[in-house]
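Scroll down for the structure; my scribbles are underneath it.
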Amino acid sequence: MNQVASQLQTEAPEQQQYRVAQQPYYQAMRDEVEMYLAAYQVRMPVMLKGPTGCGKSRFVEHMAWTLKKPLITVACTEDMTASDLVGRYLLDINGTRWQDGPLTVAARIGAICYLDEIVEARSDTIVVIHPLTDHRRQLPLEKKGELLDAHQDFQLVISYNPGYQSLMKDLKQSTRQRFGGIDFDYPQAEVETEIIAHEGGVEREVAARLVQVGESSRNLKGHGLDEGMSTRLLIYAAQLIAQGVDSGAACRMALIAPLTDDPDLRDTLCAAVDTYF
């Protein structure tokens with residue numbers, strides 16, 4: 001870590017707006033921090049895989065803060081075009097002007113560009129990242145007639161949830177094999193308890209009960225639920241409880257209502273809440 005810190009350079013003014021201002025709270029689960037730091041040293045593109053709400057985005061923020069590098073995050077959608085990522089010409093009172101997209105900005109200034117839920121993007125959009133993820137480290141701006149060499153500090157990070165993979169929403173091997181991968185999952189109970197207590201502002205005993213409720217729901221994955229309760233949802237419930245909301249009502253609002261509309265599954269989850277609260 002000290003070796004990394006000694007290599008940090010003073011940021012240019014255009015980078016300041018993308019800085020992570022405060023240290024994000026993050027609890028390491030395995031060796032993901034060390035592996036990411038090693039990958040950044042060689043500017044290896046990184047792919048984060050894990051369920052919804054398990055801490056992938058927080059991890060990227062934590063690493064950007066640790067490395068003192070700007071971070072540009074893009075939430076990928078099926079409507080996102082290549083121009084949304086790369087840039088386009090705009091009309092104004094003076095005529096036309098070029099406006100860089102977030103990927104281009106990141107490549108110019110040496111930021112970490114985080115494409116969240118990459119599989120939501122269209123395949124013809126995803127291919128624009130390919131020249132940035134091999135030895136070329138270049139971004140062709142075809143509409144502008146420019147071939148942009150990425151800044152030496154630029155790194156591309158993508159994430160997706162393997163639980164929602166399908167034939168229509170999966171990464172092609174031609175994309176996958178351009179990245180190093182880090183697997184994420186929900187934290188172990190002790191770590192998750194600490195996270196919820198800290199982020200939710202509740203006592204550890206309450207946080208531990210919420211974790212037990214969460215684990216009960218995760219046991220139903222594949223038995224009516226596509227996903228169990230995420231760490232994010234458990235934090236939401238803790239925050240409501242910290243505001244004085246009854247624990248049962250807080251769990252119904254933050255944990256059960258968002259997860260399913262099935263009456264039987266809701267009854268099962270309510271029973272788990274009643275067991276631990």
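Please treat every number below as a calculation from the coordinates, not as lab data. Not measured: the values here are computed from a predicted model. Cβ placement follows ideal geometry from the backbone for every residue including glycine, while neighbour counts extend to all protein chains displayed.
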To the nearest 20 debye, what charge dipole does the chain have about its Cα centre, counting +1 at the Cβ of each Lys and Arg and -1 at the Cβ of each Asp and Glu?
920
Once the dipole of the stretch 2-183 is set up from charges on Cβ (+1 Lys and Arg, -1 Asp and Glu), the residue from the list Met63, Ser83, Tyr25 lying farthest towards its positive end is Met63
Sequence-distant lysines (8 or more away, or on other chains) whose Cα lies within less than 29 Å of Lys49:
Lys68, Lys69, Lys169, Lys172, Lys221
Work out how much length Asp170 to Leu147 would gain on full extension: take 0.36 nm times their residue separation and subtract the Cα-Cα distance, in nm to one decimal.
5.4 nm
Return the distance in nm (one decimal) between the two label points of a simple spin-label model at Leu91 and Gln22, each offset 7 Å from Cα along Cα→Cβ.
4.4
Treat each spin label as a single point 7 Å out from the Cα along the C-beta direction, and report the Ala257 to Arg30 distance in nm.
3.6
For the stretch 189-276, just the Cα set please: Rg and Dmax, both in angstrom.
11.8, 34
Computed label-point distance, nm, for sites Thr275 and Gln177 using a 7 Å Cα→Cβ extension:
4.6
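Add -39500 (n - 2.57) for each DSSP H run of 4 or more in the chain, then divide by its residues: what number comes out at 222 nm, to the nearest 500 deg cm²/dmol?
So the helix-based figure for the chain works out to -10500 deg cm²/dmol.
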Quick one: work out Rg over Rh on the C-alpha atoms of the chain, Rh as Kirkwood radius.
1.02
Mean separation of Cα contacts under 8 Å, 6 or more apart, over the residue count of the chain: relative contact order %:
19
Given the convex hull of the Cα atoms of the stretch 9-100, what is a quarter of its surface area in nm²?
8.7
